[in-house]
Number of protein chains: 2
Amino acid sequence: MAPRWAFEDFEVGTEIELGSKTVTAEEIVEFASQFDAQPMHLDEEAGKASILGGLSASGWHSCCMLMRLMCDRFLLDSTSQGAPGVDYVRWKKPVLAGDRLAGISVVEEKRLSSTRPGLGFVTCRHELTNQHGKVVMELQNTGMFLTREAAGL
Amino acid sequence: MAPRWAFEDFEVGTEIELGSKTVTAEEIVEFASQFDAQPMHLDEEAGKASILGGLSASGWHSCCMLMRLMCDRFLLDSTSQGAPGVDYVRWKKPVLAGDRLAGISVVEEKRLSSTRPGLGFVTCRHELTNQHGKVVMELQNTGMFLTREAAGL
């Protein structure tokens with residue numbers, strides 16, 4: 001199957017709706033138990049006693065949930081060659097058990113590699129927004145994608 | 001138990017050894033299946049065919065493994081109040097199945113909040129280094145910590 005998204009398919013200003021995902025208490029606790037066992041990510045009462053106001057997802061969990069939405073919506077159907085890193089992550093609001101998060105990716109910049117023919121860099125700003133319309137996380141990164149020709153498309 | 005690490009305990013230049021962790025193929029595949037199902041994170045052959053050179057961990061998995069090392073070494077024994085985000089992440093080398101990663105956190109900057117008495121910001125640069133002495137990931141973020149007085153210590 002030819003991938004839908006190659007370097008040429010991203011234009012500055014392109015907005016990609018990533019769909020949505022409901023965050024369960026079980027997922028929050030399971031993730032935190034593995035990677036970020038701070039009390040507010042493990043226990044409702046500890047969450048209520050913290051500035052987060054309830055059992056809340058690790059910020060790293062939010063990053064991972066965004067990544068999953070990106071994979072399902074376009075990355076797994078693209079010429080992606082990975083990414084060299086993340087420009088920034090801003091955790092703006094708590095992500096609480098039961099929240100429904102919707103994602104969007106917006107293309108901010110694109111350019112062809114000056115050293116690797118057939119490879120291009122696409123910089124996107126990504127947001128997760130909760131069911132109250134509040135942006136809970138903003139993240140920017142630059143992905144590498146093959147051109148259609150380099151991918152044999 | 002009084003936490004070991006409060007705002008006062010971080011000094012610019014403080015280096016915190018985070019210990020180490022061996023990354024298994026099973027962990028790489030389990031994480032990728034949940035959050036980043038790109039072929040090079042799921043399958044040895046696909047990894048070998050990619051620029052990563054083998055079954056390799058998602059960059060987000062590396063972030064999460066670093067967070068776990070930080071939790072075990074100092075965050076869970078601190079006055080941490082979470083973090084507003086991440087300044088940057090650089091994925092510099094592939095993390096392959098069987099790699100042993102060692103972590104270090106270095107305090108780069110600290111300051112008291114001008115608006116919230118008893119709260120301080122500590123900026124750290126964190127590195128994960130593999131068994132060949134190569135830095136595989138570099139990450140900087142700013143955590144919030146209570147002072148000893150604000151934490152009642």
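The values are calculated or read from the model by the stated rules, or taken from the named source; none is laboratory data. Keep in mind that what you see is a predicted model, and the values were worked out from it rather than measured. Counting neighbours? That spans all protein chains shown, and the Cβs are built from the backbone with ideal geometry, glycine included. Accessible surface areas use protein heavy atoms only, side chains included; no ligands, DNA or RNA. Shrake-Rupley method; radii C 1.70, N 1.55, O 1.52, S 1.80 Å.
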Point to revise | Number of the exception - B:Leu69 against (1) closer than 18 Å to B:Pro94 by Cα; (2) buried (at least 23 other Cβ atoms within 10 Å of the Cβ) | key: (1)
Review point. Right, A:Glu127: touching a Ser or Thr at 6+ places or on another chain (Cβ under 7 Å) and open to solvent by 20 Å² or more (accessible area, probe 1.4 Å) or not?
Key: no
Check your understanding: Here are some conditions: (1) part of a helix (DSSP H, G or I); (2) without any contact (Cβ under 8 Å) to a residue 40 or more places away in the chain. B:Asp72 meets all but one. Which one does it not meet?
Key -> (2)
Point to revise | Unmet requirement for A:Ile28, which otherwise passes all of (1) open to solvent by less than 20 Å² (accessible area, probe 1.4 Å); (2) within 22 Å of B:Trp91 (Cβ to Cβ) | key: (2)
Study note, to complete from the structure: Flagged in the range B:33-66 as in a helix (DSSP H, G or I), touching a Gly at 6+ places or on another chain (Cβ under 9 Å) and surrounded by 17 or more Cβ atoms within 10 Å (Cβ to Cβ), in numbering order, are B:Met40, B:His41, B:Gly47, B:Gly59, B:Met65, B:Leu66
Practice item. Starting from the range A:129-153, take each residue that is in contact (Cβ under 8 Å) with a residue 12 or more places away in the chain and under 20 Å from A:Leu75 (Cα atoms) and list its partners that are open to solvent by less than 20 Å² (accessible area, probe 1.4 Å) and aromatic (Phe, Trp, Tyr), counting only C-beta distances under 8 angstrom and pairs at least six apart or across chains. Key: A:Phe145/A:Trp5; A:Phe145/A:Phe7; A:Phe145/A:Phe10; A:Leu146/A:Phe7; A:Thr147/A:Phe7; A:Arg148/A:Phe7
Revision key, fill the gap. Pairing a residue in the range A:48-65 that is more than 7 Å from chain B (Cβ to nearest Cβ) with any residue that is open to solvent by less than 20 Å² (accessible area, probe 1.4 Å) and hydroxyl-bearing (Ser, Thr, Tyr), where Cβ atoms lie under 8 Å and the two sit 6 or more apart in sequence or on different chains, gives A:Ser50/A:Ser56
**Study point:** Residue match in the range A:2-15 (condition: surrounded by 15 or more Cβ atoms within 10 Å (Cβ to Cβ), within 14 Å of another protein chain (Cβ to nearest Cβ) and without any contact (Cβ under 8 Å) to a residue 60 or more places away in the chain)
**Key:** no
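Looking at the range A:116-138, is at least one residue among the polar types (S, T, N, Q), more than 18 Å from the chain's Cα centre (by Cα), assigned to a loop (DSSP other than H, G, I, E, B) and farther than 21 Å from A:Pro3 by Cα? Steps first, please.
From the range A:116-138, those among the polar types (S, T, N, Q) are A:123, A:129-131; that's our starting set.
Then keep just the ones that are more than 18 Å from the chain's Cα centre (by Cα); that gives none.
Checked against the condition, which is being among the polar types (S, T, N, Q), more than 18 Å from the chain's Cα centre (by Cα), assigned to a loop (DSSP other than H, G, I, E, B) and farther than 21 Å from A:Pro3 by Cα, the range A:116-138 yields no hits at all.
From B:Gly47, B:Gly82, B:Gly59, grab the single residue that is among the small types (Gly, Ala, Ser) and on the phi > 0 side of the Ramachandran plot. Give the steps one after another, and end with the answer.
Values: B:Gly47 fails: on the phi > 0 side of the Ramachandran plot; B:Gly59 fails: on the phi > 0 side of the Ramachandran plot.
So the residue among B:Gly47, B:Gly82, B:Gly59 that is among the small types (Gly, Ala, Ser) and on the phi > 0 side of the Ramachandran plot is B:Gly82.
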Review point. Taking the range B:84-105 as the search range and keeping residues that are buried (at least 21 other Cβ atoms within 10 Å of the Cβ) and in a loop (DSSP other than H, G, I, E, B), which one is farthest from the other protein chains (Cβ to nearest Cβ)?
Key: B:Asp99
Exercise for review: Give me a count of the residues in the range B:76-118 that are out of contact with any strand residue (DSSP E or B) (no Cβ under 8 Å at 6 or more places or on another chain) and without any contact (Cβ under 8 Å) to a residue 12 or more places away in the chain.
Suggested key: 4
